[in-house]
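Working notes for the structure below.
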């Protein structure tokens, strides 16, 4: 396995759509990376949920002590999932939903773009799973009430294909990048929280 700096240099040297945004390069430099098999996905989802809940708790504590600006007033947690088709984004979202106690069957929202689920466990009461694969530009987000969604309290928004709406995404977000290995049984995940 190569170092995170080597992986970052490889991503930076590619034509990655986020790279015109310097803050994303900073996120990449601070990302961790590891290889997961399919059986590791549920425990990784549990780790991610724990990290997100800790961040939410830290943020809540800071907001009590500091005066919030409008931009800091966003209440939803935002997690972006990036990677090619078949790299494990939806499988991960399903595992995350399971960890949150979602009782419904979670399927890819590719054709409906957005699905909402009530949660019974974890630090949020609502999971919103979005798939931006079919979105052609950020203007299509208006009917989805995307900006209002970002301000919903106790909500976790999970977005697949975030590169399709990069200009509409707030800076404050958590990211996971999936890469399928040639053996199709394992995935390389890079993540930053």
**Item:** Residue list for the range 36-58, filter: over 14 Å from residue 100 (Cβ atoms) and touching a helix residue (DSSP H, G or I) at 6+ places or on another chain (Cβ under 7 Å)
**Value:** 36, 41
**Prompt:** Pairs, please: C-beta under 7 Å, at least 6 apart or cross-chain, first residue without any contact (Cβ under 8 Å) to a residue 24 or more places away in the chain and on the phi < 0 side of the Ramachandran plot and in the range 82-111, second part of a strand (DSSP E or B) and surrounded by fewer than 13 Cβ atoms within 10 Å (Cβ to Cβ)?
**Reply:** none
**Asked** Any chance the range 170-193 includes a residue that's out of contact with any helix residue (DSSP H, G or I) (no Cβ under 8 Å at 6 or more places or on another chain), surrounded by 15 or more Cβ atoms within 10 Å (Cβ to Cβ) and more than 25 Å from residue 34 (Cβ to Cβ)?
**Response** no
**Prompt:** Of the numbered conditions (1) within 25 Å of residue 55 (Cβ to Cβ); (2) in a loop (DSSP other than H, G, I, E, B); (3) over 17 Å from the mean Cα position of the chain (by Cα), residue 87 satisfies every one except a single condition; which is it?
**Reply:** (3)
**Request:** Could you please find all residues in the range 162-193 being more than 30 Å from residue 143 (Cα to Cα) and either out of contact with any strand residue (DSSP E or B) (no Cβ under 8 Å at 6 or more places or on another chain) or not in a strand (DSSP E or B) (or both)?
**Result:** 181, 182, 183, 184, 185
**Message:** Here is a check on your reading of the model: is residue 159 at pLDDT 90 or above and surrounded by 21 or more Cβ atoms within 10 Å (Cβ to Cβ)?
**Reply:** yes
**Request:** Identify the residue in the range 4-31 that is in contact with a strand residue (DSSP E or B) (Cβ under 6 Å, 6 or more places away or on another chain) and modelled with pLDDT of 50 or more and, among all such residues, is farthest from residue 175 (Cα to Cα).
**Result:** 30
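The values are calculated or read from the model by the stated rules, or taken from the named source; none is laboratory data. The structure displayed is predicted, hence computed values, not measured ones. Here the Cβ is made from the backbone with ideal geometry for all residues, glycine too, and neighbour counts use every protein chain on show.
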